[in-house]
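The values are calculated or read from the model by the stated rules, or taken from the named source; none is laboratory data. Because the structure is predicted, anything quoted here is derived from the model rather than measured. Reconstructed Cβ throughout: ideal geometry from the backbone, glycine too, with neighbour counts over all protein chains shown.
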Amino acid sequence: MIEYRIQPSRPEAHVFTVTLTIPAPTPEGQVLRMPAWIPGSYMIRDFARHVLSLRAETGGVPVAVAKLDKDSWQVAPCDGPLQVSIDVYGWDLSVRGAHLDTRHAYFNGTCVFLQPIGHEDQPCEVEMLAPEGAAYATWRLATGMPRVSGGEWDFGRFRAENYDDLIDYPVEMGHFEDARFEAGGIVHRVIISGHSGTDLARLVRDLQPICEQHISLFGEKPPMQDYLFMTLVTPDGYGGLEHRNSTSLMCARADLPRRSDAPDKQRDSYRTYLGLCSHEYFHSWMVKRIKPEVFTPYDLSQENYTELLWAFEGITSYYDDLGMARCGKISTESYLELLGTAISRVARGRGADKQTVTESSFDAWTRFYKQDENASNAIVSYYSKGSLVALALDFTLRRVTSGAKSLDDLMRLLWQRHGKIGVGVPEQGIQLLAEELAGQSLQEFFDLAL
């Protein structure tokens, strides 16, 4: 069992202290590594740059540590158990990083948990502690990580199956509002961190049918035992990141439903927020479990290149608004307005003439996530154009099968052949399954669309 302990040790200085205990370190000298990127956000972020200090000891005796490269260290050979402690700076207010101040704490595992090379498959336990002091006595904790001790929202001990599992449970500490609902026979929890004045009753009424819609598409009980929507409210934030049984979201206060809103009115900003929730929830299947072959497993030390992000993000973008329309959370007119906006966005940009959607996928690490002033002239979004490719593929499958098959059937086939059994999708896998459903070659379509 690999053990971790994490505490916001100096909130006023934005510092977490994290201790890793390895019972039987590698005999030739244990290597430790901080991930260079976080799954779902395809850019090298070099989380090791936020490590302020690293100390190792065994039996209370310090052990020498040598740095190997920008994000790796090697501890001198020693007997176990080996304890390694790090201080980590957290001041990245985003869904991809770690952020700590005197009001709240948030982190992703990739930002704070060292990877013990050679022990990644071992189960892990994490003790999560509140900051010391009376000012933090009423803080609560929210995460999708399974509990070992403590009640709901309490600090305590948590368990993960392995390192890959460990880093896929973001954590929020502080004060937050909470609500819950059931969909697909499992509990879904919602937390809102930040003073929002949110109409939580309306929010859960709107989220529940969206989740039910996505669950019904795949035709069986959800692959997770529970689910957590985590939203941090900021003055002008926006973003989301998918995880195996949760999502981290950021939005502005104006994006959430207010108690003063008319029950039959839906502001555009709230529609956008619901679309974000829908998008991240669909990722519970598409990319968290149905994933490119190159992501099985992830190599968190370097870029993992694939031409399939147009499918994993584009198809998800197609279903986020479509799912809301199918369950009645937006009108047909509203859906067509959103579709028209997506078409206009791609058509007006010049990037589609310079870059294919597969090239956009492959180059996400250096171009899509590192856009400059010339981006609109040089790149095309694999989200936006990918969603239009998904729409066209849906129409094509319906046309060539006289309405017998659709993109829905492709999603279910991807789930049965790949996501459900943990087999990655090869680079040509989407096209091959689509052709299987169509009963004919779709090479001309894919050559034109991609």
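Here is how the numbers come out for the structure above:
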quantity	calculated
Unique match (being surrounded by 21 or more Cβ atoms within 10 Å (Cβ to Cβ), in contact with a helix residue (DSSP H, G or I) (Cβ under 9 Å, 6 or more places away or on another chain), of a type outside the set (Asp, Glu) and modelled with pLDDT of 95 or more) among 386, 439, 424, 429	386
Residue in segment 236-255 that is farthest from the chain's Cα centre (by Cα), counting only those that are in a helix (DSSP H, G or I) and surrounded by fewer than 19 Cβ atoms within 10 Å (Cβ to Cβ)	254
Pairs where the first residue, in segment 34-54, is within 21 Å of residue 242 (Cβ to Cβ) and the second is of a type in the set (Ser, Thr, Tyr), C-beta under 7 Å, 6+ apart	35/110; 36/301; 38/110; 39/298; 42/369; 43/369; 47/110
Test: residue in segment 208-223 that is surrounded by fewer than 20 Cβ atoms within 10 Å (Cβ to Cβ) and of a type in the set (Val, Ile, Thr)	no
Residue, farthest from residue 289 (Cα to Cα), within segment 404-415, restricted to residues that are surrounded by 15 or more Cβ atoms within 10 Å (Cβ to Cβ) and of a type outside the set (D, E, K, R)	406
Top-ranked residue of segment 127-140 - restricted to ones that are in contact with a Phe, Trp or Tyr (Cβ under 7 Å, 6 or more places away or on another chain) and not in a strand (DSSP E or B), ranked as nearest to residue 176 (Cα to Cα)	130
Residue list for segment 378-409, restricted to those being within 26 Å of residue 45 (Cβ to Cβ), outside any loop (DSSP other than H, G, I, E, B) and more than 23 Å from the chain's Cα centre (by Cα)	378
Matching residues in segment 65-91 - criterion: being closer than 19 Å to residue 43 by Cα and without any contact (Cβ under 8 Å) to a residue 24 or more places away in the chain	69
Residue that is surrounded by the fewest Cβ atoms within 10 Å (Cβ to Cβ) [pool: residues in segment 256-294 that are on the phi < 0 side of the Ramachandran plot and aliphatic (A, V, I, L, M)]	262
Exclusive hit being touching a strand residue (DSSP E or B) at 6+ places or on another chain (Cβ under 7 Å) and in contact (Cβ under 8 Å) with a residue 12 or more places away in the chain, set 419, 386, 439, 351	419
Test: residue 295 is of a type in the set (A, V, I, L, M, F, W, C) and within 30 Å of residue 153 (Cα to Cα)	no
Residue identified as out of contact with any strand residue (DSSP E or B) (no Cβ under 7 Å at 6 or more places or on another chain) and not basic (Lys, Arg) among 263, 257	263
Residue pairs meeting the criteria (Cβ under 7 Å; at least 6 apart or on separate chains; first assigned to a helix (DSSP H, G or I), in segment 217-235; second at pLDDT 95 or above)	217/408; 217/411; 218/285; 218/411; 218/412; 218/415
Criterion: at pLDDT below 95 and not aliphatic (A, V, I, L, M) - qualifying residue of 292, 257	257
Pair list, Cβ < 7 Å and 6+ apart or interchain, from segment 161-190 residues that are without any contact (Cβ under 8 Å) to a residue 24 or more places away in the chain to residues that are assigned to a strand (DSSP E or B) and of a type outside the set (Ser, Thr, Tyr)	177/191; 177/192
Enumeration of residues in segment 141-159 that are under 22 Å from the mean Cα position of the chain (by Cα) and in a strand (DSSP E or B)	141, 142, 143, 147, 158, 159
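Let's see how each residue does on (1) free of Cβ contacts under 8 Å to residues at least 12 places away in the same chain; (2) in the same structural domain as residue 43 (by TED's automatic domain parsing); (3) within 23 Å of residue 32 (Cα to Cα); (4) under 24 Å from the mean Cα position of the chain (by Cα):
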{"position": "100", "(1), (2), (3), (4)": "no, no, no, yes"}
{"position": "109", "(1), (2), (3), (4)": "no, yes, yes, yes"}
{"position": "116", "(1), (2), (3), (4)": "no, yes, yes, yes"}
{"position": "126", "(1), (2), (3), (4)": "no, yes, yes, yes"}
{"position": "131", "(1), (2), (3), (4)": "no, yes, no, no"}
